[in-house]
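These notes are about the structure you will find just below.
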Amino acid sequence: MNRKWWHDKVAYQIYPKSFMDSNGDGIGDLCGIISKLDYLKSLGIDIIWLSPVYKSPFVDQGYDIADYYAIAEEFGTMDEFDELLAEAKKRGMYIIMDLVINHCSDQHEWFQKALAEPDGEYADYFYFRKGKNGNPPSNYRSYFGGSCWEPVPGTDKYYLHMFAKEQPDLNWENPKLRQELYNMVNWWLGKGVAGFRIDAIINIKKNLDFPDFEPDGADGLAGCWKMVESVDGVGEFLEDLKKNTFQKYDAFTVAEVFNMKEGELAEFIGDNGHFSTIFDFSAHSLSMEGHGWYDAPQIDFKKWRETVINAQLEVQACGFEANIIENHDEPRGVSRFLPKYAQTPAGTKMLGTVSLLLRGIPFIYQGQEIGMQNAVWNSIEEYDDISTKDQYQIAREAGLTDEEALEACGRMSRDNARTPVQWSDQENAGFTTGIPWIKVNSNYKSINVESQEKDADSVLNYYCRLVAVRKSPKYKKVFTYGKFVPVYQNSDTIMAYYREYENQRILVAANFGKDTVELQLEHPVRGVILSNQNKVEKPEQVMILNSCEVIVLECGDCKAIGDGVFGSGEHVND
Ligand code: GLC
Ligand code: CA
């Protein structure tokens, strides 16, 4: 496997609207981000992914782009963006942008021109199609509900949108459109962004026959992902994109890919893959097994463990995946992956450790490092998210009461991740001096950055140590390139694995159960690298793990430790 500059990096996702507001309008902005770069640096972050900051009507919170070359006024100016790039560079950090090129906003100039001239050049930037027998061209249901086809006013045609109707899909078959996109990507790379997180990219390939599928809901429609799953040939588009853009700049690209086909992983993330990496959504996909959020199964520990382990084993054969606990489309990981008794600082540290020390590129989502949790939502009006409103409707139509539907949304809503970052116990959690665009989680007095900075034992300070361990000169190689080897899989409550590289072997072991567990050690232990219970004494032969305890041990044939690489003393056995 070729070594790449991004292999050993730790990334952080910023959802700009909710990160930090600098001017009191209640909306996070670029200057707010700049003001927190030192904070991110001290957390050990190398790569910052900005969710979209382009000009947008924000129907889908910026994932509907009206101008790829402009910064949204709400977030600031291009000068401020350049300042952000320069300030990040000064600190040795990289900025990656969100690349949303499956669709744009209906306010984009291309779409406006297409509407004005439905038989003109720009109509071919989109999918304009005639209906069938008075119906839309096919029976696809969009990801946000309703038909994927919307009438083009004044014509007998429809345009395709797999997401909201304000997000028309771009026609990748059109070489002119592709060239426009490549120019834009290169323009940002030329400016100095280090790469992109690439949105919904599997969706760019369409079956141009737009065949109907067996309806899978009471609305008589079929999920549009069925067409995505059944069509071949996305790889040719992806290679063309890569060769014309990313490759020339040695850019880091992390793609959002659902519905990949069997056996295609190496084509996506191998040495010559379409992308540097893709996100591992396998654990998150466990919630997709129902008809909607209302019957999404709760996470079962053993199923979750098996899923994470299988993904790790599959991926290490060909490349790296990007590991996440949560992102802007998911509820908070602490609320989702931990049982109630473990939704504590100890459990939060445990989940973070197990995830960040996996093989792959860790992505921390804003607020994860202080253990932010799902909010309590009292009515559907409190939500902003387009998808939550749709899922609420689906739940009501399936016969759930208002209360039950709200409970389902409370568990799964994307807005759980979009409440403002809790910076302090001051009004609005220190996020804004104005009125926040979405409500602040009511637990901000007990969970916030400022108080955790003062507490050596806080989740935040633990995350700092965790990232520092991963990046320390001594352990960087083993945590980056070390093989992932699962262990204690027969236990009911233990998630554990080794990371092995040359003569180093590290054991990461966590007890997700309520009761204390005793484990027979397979290898002699040299020392404790990290413990969420501040243990420093190394276990001999038998290890006792309390409920919600995680420990990282150096064991096996490795050399004795003791050169104190972390500097933070008390948690390192030296
Ligand atoms: C991706 C984004 C999500 C957005 C969708 C449409 O899944 O992560 O937030 O709604 O694409 O752009
Ligand atoms: Ca602002």
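For the range 371-503, the Cα gyration tensor yields ellipsoid semi-axes of 37, 25, 12 Å (square root of five times each eigenvalue, largest first, whole Å). The charge dipole of the range 77-125, taken about its Cα centre with unit charges on the Cβ of Lys, Arg, Asp and Glu (plus for the first two, minus for the last two), comes to roughly 400 debye.
Taking 0.36 nm per residue of separation and subtracting the Cα-Cα distance, full extension of the segment from K302 to N135 would add 55.5 nm. Exceedance of the 24 Å cut-off in Cα-Cα distance is limited, within the set K36/K389; K4/K538; K4/K242; K205/K242; K340/K389, to K36/K389; K4/K538; K340/K389. Bridging of K132 to aspartates and glutamates at a Cα separation below 18 Å is possible for E150, D156, D209, D212, E214, D219, once same-chain residues fewer than 8 apart are set aside.
Stretched out straight at 0.36 nm per residue, the stretch from R91 to M288 would grow longer than its current Cα-Cα span by 67.0 nm.
Using helices alone, what [θ] at 222 nm do you get for the chain, with -39,500 (n - 2.57) per DSSP H run of 4 or more residues, divided over all residues and rounded to the nearest 500?
-8000 deg cm²/dmol
Remark: the range 44-55, residue by residue, has Karplus-estimated 3J(HN,Hα) of x, 6, 9, 10, 10, 9, 9, 4, x, 10, 7, 4 Hz, where x stands for each Gly or Pro and the curve is 6.51 cos²θ - 1.76 cosθ + 1.60 at θ = phi - 60°. Relative to one another, the C-alpha centroids of the range 153-189 and the range 98-112 are positioned 6 Å apart. Of all aspartates and glutamates in the structure, those lying under 12 Å Cα to Cα from K206, and not within fewer than 8 positions of it along the same chain, are D169, E173, E229, D232.
Sequence-ordered 3J(HN,Hα) estimates for the range 381-386 from the Karplus curve with 6.51, -1.76 and 1.60 and θ = phi - 60° stand at 5, 6, 7, 10, 4, 4 Hz, glycine and proline given as x. Stokes-Einstein diffusion for the range 310-349 at 10 °C, viscosity 1.306 mPa s, with a Kirkwood radius from C-alpha pairs, works out to 132 µm²/s.
Out of the DSSP beta bridges found with both residues in the chain, what percent are antiparallel (nearest 5)? Walk me through the intermediate numbers first.
Details: 41 of 67 bridges.
In the chain, approximately 60 percent of DSSP beta bridges are antiparallel ones.
Evaluating kT/(6 pi eta Rh) at 10 °C and 1.306 mPa s, with the Kirkwood radius of the chain over Cα pairs in the Stokes-Einstein relation, gives 64 µm² s⁻¹.
Contact order, relative form, for the range 261-368: 27 percent (alpha carbon pairs under 8 Å, 6 or more residues apart, mean separation divided by residue count). Ordering 113-119, 319-325, 387-393 by mean Cβ neighbour count within 10 Å, with the highest value first, yields 319-325, 387-393, 113-119. Under the convention that each Lys and Arg Cβ holds +1 and each Asp and Glu Cβ holds -1, the size of the dipole of the range 316-431 around its Cα centre is about 640 debye.
Can you work out the FRET efficiency for the pair Y249 and K340, with r the C-beta to C-beta distance and R0 = 45 Å, to the nearest 0.05? Efficiency computed from Cβ-Cβ geometry: 0.45. Specify the inter-centroid distance of the range 486-502 and the range 290-348, based on alpha-carbon positions, in whole Å. Distance between centres, Cα-based: 17 Å.
What separates the Cα centres of the range 28-69 and the range 369-387 is a distance of 20 Å. With the charge dipole of the chain set up from +1 on Lys and Arg Cβ and -1 on Asp and Glu Cβ about the Cα centre, the Cα lying farthest toward the positive end among the listed residues I96, H284, A70 is that of I96. Each Lys and Arg adds +1 at its Cβ and each Asp and Glu adds -1 at its Cβ; summed about the Cα centre, the chain shows a dipole of about 1780 debye. Quick one: work out Rg over Rh on the C-alpha atoms of the range 92-140, Rh as Kirkwood radius. Here the Rg-to-Rh quotient is 1.20. If you take the alpha carbon atoms of the range 1-84 and fit the smallest convex hull around them, that volume is 119 Å³ per residue. Each residue of the range 348-426 gets 130 Å³ once the volume of the Cα convex hull is shared out per residue.
Bear in mind that the values in this text are calculations on the coordinates, not laboratory data. Bear in mind that the values here come from a model prediction, so they are computed numbers and not experimental data. All Cβ positions, even for glycine, are placed from backbone atoms using ideal geometry, and neighbour counts span all protein chains on display.
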